[in-house]
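What follows is a single structure, written as structure tokens, with notes after it.
The values are calculated or read from the model by the stated rules, or taken from the named source; none is laboratory data. As the structure is a prediction and not an experimental result, all values here were calculated from the model. Ideal geometry is used to build each Cβ from the backbone, glycine not excepted, and the neighbour counts take in all protein chains shown. Ligands, DNA and RNA are stripped out before the accessible areas are found, and what is left, the full protein with its side chains, is counted by its heavy atoms. Shrake-Rupley method; radii C 1.70, N 1.55, O 1.52, S 1.80 Å.
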Amino acid sequence: MGWLARNVEKRVEPERLLAGAKSVITLAVSYVQRPTSNVQSSEAGGVVARYAQFSDYHDVIGERLKQLTHFVNELGGGDARSLWYVDTGPLLERDLAQRAGLGFVGKHTNLISRKLGNWIFLSEIVTTVEFAADTSERNHCGKCVRCIAACPTNAITEPFNVDARRCISYLTIELKGSIPAALRPLIGDRIYGCDDCLAVCPWNRFAREGGMMKAHARTDLSAPGLMELLSLDDAAFKTKFAGTPMMRTKRRGLLRNVCVALGNVADERALPALERSLIDPEPLVREHAAWAMEQIGARRKTGPAPVK
């Protein structure tokens with residue numbers, strides 16, 4: 001997470017991003033989907049965070065922002081200049097979104113909209129055009145602590161404070177090396193991210209299906225088969241996940257996560273696939289495959305344990 005320490009000044013002073021900046025336009029895009037009836041498979045499926053079950057939101061939203069930024073510059077006229085960002089620039093986007101009235105930062109540290117719940121992507125346009133400021137949103141969490149109680153790894157150490165080193169989203173996406181052994185059983189069958197703290201938020205009752213992202217849904221990523229994923233070579237991985245957020249982990253990261261999930265699911269049918277992974281070119285995959293086989297062997301003696 002060392003990137004958080006970079007460009008600190010730009011995060012708090014948008015003028016350092018764009019000389020003469022006078023306004024920041026913040027936008028929210030819903031990625032709520034209506035439930036679909038998937039064909040049930042006998043093979044265990046991995047859990048993928050909802051936002052990753054689409055084509056890459058950076059690309060989808062970015063195309064719209066290009067058009068909107070051009071429109072903003074036309075409004076400003078003359079020498080108006082603007083820069084757009086979709087989770088890519090050194091901006092405190094949740095703070096800006098709250099100040100703009102889009103929502104409020106919840107105790108899980110994510111933005112919550114009273115109209116869209118917390119299934120939202122954020123983006124910004126920094127511009128030299130001056131606009132009237134909107135009214136800031138106040139916090140509406142009240143006494144609710146559902147998100148804190150729901151975290152599988154107790155990563156939300158107190159309201160508004162997350163220990164990223166324990167967060168499953170960090171462990172399965174941002175972490176490039178081995179997942180700490182003590183935390184592996186807590187990951188369950190999650191292979192890319194975690195939605196637990198978001199899913200329990202009561203403000204989600206107001207969430208509406210997002211039109212922009214709907215056309216870019218990837219239903220094949222709602223519960224991909226774990227053993228099928230474990231068989232992917234580098235070329236097959238790139239083919240399957242091209243244009244999706246899941247490319248971020250690279251093959252070795254995803255297969256590391258798949259091994260952990262298979263160890264937690266403890267399905268003995270996965271043993272042949274895991275055994276083949278013991279000779280995988282990637283040491284990271286080999287290490288976690290060996291761990292998974294140990295877990296399955298231990299369950300033979302003690303009986304299956306529930307996956308959280």
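The table below lists the values:
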item	result
Part-to-part distance (alpha-carbon centres) for segment 196-268 and segment 159-174, which is given in Å	17 Å
Segment 137-247 shape via C-alpha gyration tensor axes, a/c threshold 1.5	oblate
Whole-angstrom gap from segment 275-298 to segment 80-105, using each part's C-alpha centre	42 Å
Loop-located GluC sites (Glu not before Pro) in segment 101-201 whose Cβ has at most 12 other Cβ within 10 Å (DSSP)	GLU130
Environment charge of GLY253, counting only residues whose C-beta is closer than 11 Å and scoring Lys/Arg +1, Asp/Glu -1	+4
Label zone at ALA290 (point 7 Å along Cα-to-Cβ), backbone N below 17 Å, segment 243-262	256-257, 259-260
Paramagnetic reach from THR88 (point 7 Å along Cα→Cβ, amide N under 19 Å) across segment 233-271	242-250
Ellipticity estimate at 222 nm from DSSP helix runs (n ≥ 4, -39,500 (n - 2.57)) divided over the chain, nearest 500	-9500 deg cm²/dmol
Residue among ILE112, LEU175, SER123 farthest towards the positive dipole end of segment 103-175, charges placed on Cβ	ILE112
Cut-off 12 Å between beta-carbons: net charge of the residues surrounding ARG276, Lys and Arg +1, Asp and Glu -1	-2
Accessible surface, per residue, of segment 202-294 when the full set of protein chains is kept, probe 1.4 Å, Å²	46 Å²
Cβ-Cβ FRET estimate between ALA19 and PHE131, R0 fixed at 30 Å, reported to 0.05	0.95
Cys with no candidate disulfide partner in the chain (beta-carbon separation under 4.7 Å rule)	CYS141, CYS144, CYS151, CYS167, CYS194, CYS201, CYS259
Accessible area of segment 89-189 divided out per residue, in Å², using a probe of 1.4 angstrom	46 Å²
THR128 accessible area, 1.4 Å probe, all protein chains in place, Å² to nearest 10	30 Å²
When each of LYS66/LYS250; LYS22/LYS176; LYS22/LYS143 is checked by Cα-Cα distance, pairs over 32 Å	LYS22/LYS176; LYS22/LYS143
Label-point separation in nm, LYS176 to ALA236, each point 7 Å along Cα→Cβ	2.7 nm
Segment 84-139: trypsin sites (Lys or Arg not before Pro) falling in loop per DSSP and having at most 15 other Cβ within 10 Å	ARG114, LYS115, ARG138
Distribution of pairwise C-alpha distances over segment 235-308, 10 Å bins, in %	21, 44, 28, 7, 0
Separation in nanometres of the label points that stand 7 Å from Cα toward Cβ, at ARG99 and ARG34	3.9 nm
Whether segment 174-220 is rounded, prolate or oblate, judged on the alpha carbon gyration tensor where a/c under 1.5 counts as rounded	oblate
